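Following this message is one structure expressed as structure tokens.
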Amino acid sequence: MVKSYRGVGSIKTKVKEQRVTVEDYMTRRLITFHPDQTMDQVIDVLLAKGIAGGPVIDDNKNLCGIISDGDCLKEVVKGKYNNSPKLSGKVSDHMATDVKWVSPEMNIFELAQMFLSMRLRRFPVLRDGKLIGQISQKDVMRAVKKLKNTTW
């Protein structure tokens, strides 16, 4: 008689993998701006909503740029220089147009690396050139908090 010393075999259970894509954790309801809005309007919205900026989209939901509180401050400083407190100009004149964006299918761990290397706080999410959401560093942290240790 031959005895086996391998011990009791472990039973493998199938673990359901959790999705960890940008689309699963991005914010879908965004405050957006239009290129033809005035800087006064932007400042009013930023202050009323307690946000630091937002995407600029045209009538077809194409991403045109990003406008931020920093862009507004540049206009404030310009007004001080010209001795005019009026914040003139349109969003299209002041927005950043070289915008980095991500795909909704991107893995959030790849995104986390992008946040670190590019030193950005949020990315617009585009599908077929259209803005569908935004994801921030906090969204990634919330996503990781929800994951179970055995499935990522």
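Assigning unit charges at the beta carbon (Lys, Arg +1; Asp, Glu -1) and nothing else, what dipole magnitude in debye, to the nearest 20, does the stretch 22-146 show about its Cα centre?
Here the stretch 22-146 has a charge dipole of around 480 debye.
Send over the semi-axes of the stretch 22-146's equivalent ellipsoid, whole angstrom and largest first, taken as the square roots of 5 times the C-alpha gyration tensor eigenvalues.
Gyration-tensor ellipsoid for the stretch 22-146: 29, 15, 12 Å.
Under the 0.36 nm per residue contour assumption, what length would be gained going from the current alpha-carbon distance of residue 142 and residue 113 to full extension?
8.9 nm is the gain from fully extending residue 142 to residue 113.
A further question follows. By a straight-distance test (C-alpha under 20 Å), which aspartates and glutamates pair with residue 74 as possible cross-link partners, with residues fewer than eight away in the same chain excluded?
36, 40, 44, 93, 98
Once you keep just the Cα pairs under 8 angstrom separated by 6 or more residues, what percentage relative contact order results for the stretch 22-146?
On the way: 183 pairs, mean separation 39.1, N = 125.
Taking the mean separation of contacting Cα pairs over the length of the stretch 22-146, I get 31 percent.
We did not get these values from a lab; they are worked out from the coordinates using the rules stated. Every value quoted in this text rests on a predicted model; they were computed, and no experiment measured them. When we count neighbours, we look across all protein chains shown, and the Cβ atoms used for this are built from the backbone with ideal geometry, even at glycine.
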